[in-house]
Number of protein chains: 2
Amino acid sequence: MKYDTIIHNGIIVTVNRDFDVINDGLICIKDGKIEIVSSRPANYIPSGAKDIIDAKGGIIMPGLVNTHTHLPMTLLRGIADDLPLFDWLNRYIFPLEAKYMNPDNVKLGSLLGCAEMLLSGTTTCCDGYFHEDAVAQAALESGIRGVFGQGVIDFPAPGIPDPADNIKTASRFAEKWQNASSLIRPSVFCHSPYTCSEETLEKAKQIACANNLLFQIHTSETKNEFDMIMSKHGVSPVKYLERTGLLDERTLLVHSVWVDEEDIRIISGHGSKISHNPQSNMKLASGIAPVPEFLKNEITVGLGTDGCASNNDPDLFKEMDVAAKIHKVNLLDPTVMDAKTVLQMATIKGAKAIGLEGETGSIEKGKQADIIIIDTDSPHLIPMYNPVSHIVYSATGSDVRDVLVSGKITVRDKKILSLDIDDIMDKVNLLGAGIKRDL
Amino acid sequence: MKYDTIIHNGIIVTVNRDFDVINDGLICIKDGKIEIVSSRPANYIPSGAKDIIDAKGGIIMPGLVNTHTHLPMTLLRGIADDLPLFDWLNRYIFPLEAKYMNPDNVKLGSLLGCAEMLLSGTTTCCDGYFHEDAVAQAALESGIRGVFGQGVIDFPAPGIPDPADNIKTASRFAEKWQNASSLIRPSVFCHSPYTCSEETLEKAKQIACANNLLFQIHTSETKNEFDMIMSKHGVSPVKYLERTGLLDERTLLVHSVWVDEEDIRIISGHGSKISHNPQSNMKLASGIAPVPEFLKNEITVGLGTDGCASNNDPDLFKEMDVAAKIHKVNLLDPTVMDAKTVLQMATIKGAKAIGLEGETGSIEKGKQADIIIIDTDSPHLIPMYNPVSHIVYSATGSDVRDVLVSGKITVRDKKILSLDIDDIMDKVNLLGAGIKRDL
């Protein structure tokens, strides 16, 4: 067989540099990579591949890239909504994490999270949590691509009762996963400038730099954080991170809601990236990040869903829809954050934000075959004047029919092939029932 | 048979006055009405009904109420996004409406809209458009409940080339549908205070009052409208409507974004209702309605999706999610618009806003059996600590499994029974292809 898989009979939204849309497209895949992406020749009869996927007139597009997740938090979905941030964290999230987030449960919650992401068209994620080894193990089993960072925080955390061990633990995680799988990239995840000391931040960044790893950090998420850093260090969180030597092209600033013009110039000047999580920022009432300003300053911005305790699911289609709308109303300008811009943030820009733009985020010859097919034969997806509009404004994750990661079919006809989802769901329901009794 | 239908084995979220949630519930339906709503007795084996529906542990809840739709606009879904309002209306929407919105196409688009609504759990809508007779006819065929208003505007409109006929047309529509069906209620829909003269507004309201009909009107949607009315009449749109005698308990003010404290007191004082359409207001960059202030002033607020040209689908689950989040971030307060409040807006409060609270909007003995079942056996809906959280923050319309309107099963196992959806979709696709060639 010349190819492993052929995909045909659909509209390819490539999200390549020219944003080409191929109305009747053909993709040929070999050894996990895209060998051909083109128009389908007249009277084409697909042959010469082990697997032939008929998109049936649907949309063929790059798998989505979720630049900020805390996968195990699927286990805490909906357990505490509509609360002040302090109560939410201190009365619910922190105590529940301390009690339940052991490696087995972290892995279980991550398996559920990976299943949800794959089923809703996300083929790459960027995660940060504790017991991250169990998260990466779950991801590996699911077949998703991702960047994973062991959490660093100067408080006792799941698996790290003594914070003095936080850097060592992060370093060991990075070493273990450095060359373990082509789908898994280790990273370092510092929780935030207000929960890590300057020394911790510097040491964590050193590990990242020494191994050329992505350095993730929650930054300027809330007004409260901004005020704390201003009062302690006399500058904004972004300026504080710059002064500490943390900003470079391999730094991913998550949230970046409370930033001013100077902060934006600093981020842009260092080539640092931003993960934008509009739904989490809305639900926790953190604020609205000035994303159109980021884009004007040529900062690479990816989309993220954040954890399921603050969203409450990792469906990036819903995130795209909200990302497109929230900035329009915030600026009273319906032309900002158009569908094309938002789709790029959820694919190629997200990939670039986490350092994977050479592998994923667009359908191009030579790239990994991270591809999804949307079933558009649905009442809410007709008529179709513009497939990009449908992707951003009308589709949800449940419209995703097939998902390939590195050429491997992980979801087919809306069923996940790579995991025993019934077994995972049984175990999650059992654990959830126990947690519920405990509330 | 004692009952027509029995529903059991699910969590009933009643949305009654006490917001009772029955963990293992039983509903018995006879002649379209709910006769029993209770806990399921121990060792219960359902019998004595023509149809028995096993909810399989899912959520049983009232059908959703969409208080603002323009159903035929499904035909224009995604045809023009991300544009300034003026271009959107004048370059796309108005010319396309003038060319394509004949009775046949209006009916076709409405059939698609009704199918989408039923499939996504909406059992009642409140619509306003032109050729509204065709809209009501489509609704009747679909089996949805609704309030329908023939549009009144002082410009040539589809079916009313001479605006001098607008009141007469609206009056005839109301007469025709006044007693035509228990599911269909006529109404009068004035487009807005800036597109109707004072005389037109008064005459339209007279028809509504004479027949005890709901009077719908877009009000204070945009800053531009606010400025126009201020400049022409010297007062805000709400004060102008009050002065014109339009505000009473049977008035539904749609949008109400640009309103001040005095406007809010006026609306509250007259007992007028508000339809809140957050996604449309965001996408068109109209602004954020001060809904938490409305609620403090005891104004009845329902949720609406607006037409598919500005949303782009009528899924009220997505609307609930966004409604819960947008006000949190706008006020930087995560406790406003909690899940319970938002669910009430999408059900019983919506029903009250359009005058149907005696019939629908909650699961209570004696009410019409407008009921939906959510399939919660899905990765993104487990674990379940709080069904109300799942409804608002995690579910989408595609999680709706079964839908009953007035006891009649219109959707079963995610398939619509009341309409020939394949035929409708074929016709919409054909029409859409023609419109696309014409763009």
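Derivation of every value follows stated rules applied to the coordinates shown; laboratory data play no part. For clarity, every value in this text was computed on a predicted model and none was experimentally measured. All Cβ positions, glycine included, derive from the backbone under ideal geometry; neighbour counts span all protein chains shown.
Figures for the structure shown
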read-out: Relative contact order of the stretch B:64-353, pairs being alpha-carbon contacts under 8 Å that are 6 or more residues apart, as %; value: 20 percent
read-out: Proximal aspartates and glutamates relative to residue A:318, as straight alpha-carbon distance under 14 Å, when same-chain residues fewer than 8 apart are discounted; value: A:116, A:306, A:399, B:313, B:315, B:319, B:321
read-out: Residues residue A:155 and residue B:44, FRET efficiency given R0 of 45 Å [Cβ-Cβ distance, rounded to 0.05]; value: 0.35
read-out: Helix A:198-210 vs. chain A, principal-axis angle (Cα, 0 to 90°, nearest 10); value: 30 degrees
read-out: Span from the the stretch B:1-58 Cα centroid across to the the stretch A:361-439 one, whole angstrom; value: 33 Å
read-out: Under 27 Å from residue A:50, Cα to Cα: lysines that are on another chain or at least 8 residues apart; value: A:2, A:30, A:33, A:365, A:367, A:408, A:414, A:415
read-out: Across the identical copies, how the residue B:180 labels are spaced - nm, sorted shortest first, 7 Å along Cα→Cβ; value: 6.5
read-out: Selection from A:71, A:405, A:95 lying farthest towards where the dipole of chain A points positive, charges on Cβ; value: A:405
read-out: Listed residues B:8, B:171, A:278: farthest to the positive end of the dipole of the protein assembly as shown (Cβ charges); value: B:8
read-out: Residue A:1-residue A:224 FRET efficiency (beta carbon distance; Förster radius 41 Å; 0.05 resolution); value: 0.10
read-out: Modelled FRET efficiency - R0 25 Å, residue B:414 with residue B:51, Cβ distances, 0.05 increments; value: 0.90
read-out: Label point 7 Å beyond Cα along the C-beta direction, distances from residue B:333 to other copies (nm, shortest first); value: 3.0
read-out: Within the stretch A:236-260: backbone nitrogen closer than 19 Å to the residue A:198 label point (7 Å, Cα to C-beta); value: A:236-248
read-out: Student exercise, the stretch A:144-264 dipole from Lys, Arg, Asp, Glu Cβ charges, in Debye to nearest 20; value: 600 debye
read-out: Given 14 as the ceiling on other Cβ atoms within 10 Å, longest exposed-site-free region of chain B for trypsin sites (Lys or Arg not before Pro) in DSSP loops; value: B:57-364
read-out: Set of the stretch B:151-169 residues, backbone N closer than 16 Å to the point 7 Å along the Cα-Cβ line of residue B:206; value: B:164-169
read-out: Charge dipole magnitude, Cβ of K and R +1, D and E -1 - the stretch B:64-353, Cα centre, debye nearest 20; value: 480 debye
read-out: Part-to-part distance (alpha-carbon centres) for the stretch A:190-205 and the stretch A:266-289, which is given in Å; value: 19 Å
read-out: Helix-derived mean residue ellipticity, 222 nm - over chain A, DSSP H n ≥ 4, -39500 (n - 2.57), to 500; value: -10000 deg cm²/dmol
read-out: Whole-angstrom Cα spans of the protein assembly as shown along principal axes, big to small; value: 79, 64, 59
read-out: Amide H partners (placed H, <5 Å) of residue A:30, local residues excluded; value: A:4, A:35
read-out: Centre separation in Å (Cα based) which lies between the stretch B:108-141 and the stretch A:101-157; value: 43 Å
read-out: Of A:232/A:349; A:99/A:168; B:283/B:340; B:296/B:325; A:239/B:223; B:205/B:273, pairs whose Cα-Cα distance is over 27 Å; value: A:232/A:349; A:239/B:223
read-out: 7 Å along Cα→Cβ, label-point gaps from residue A:248 to other copies, nm, shortest first; value: 7.4
read-out: Leading residue at positive end of dipole, chain B (Cβ point charges), from B:351, B:36, B:381; value: B:36
read-out: Rounded to 10°, Cα long-axis angle of helix A:132-142 versus longest principal axis of chain A; value: 10 degrees
read-out: Nearest-ten-degree value, helix B:223-233 long axis tilted from longest Cα axis of chain B; value: 50 degrees
read-out: Length gained when the stretch residue A:180-residue A:30 is fully extended (0.36 nm per residue, less Cα-Cα span); value: 51.8 nm
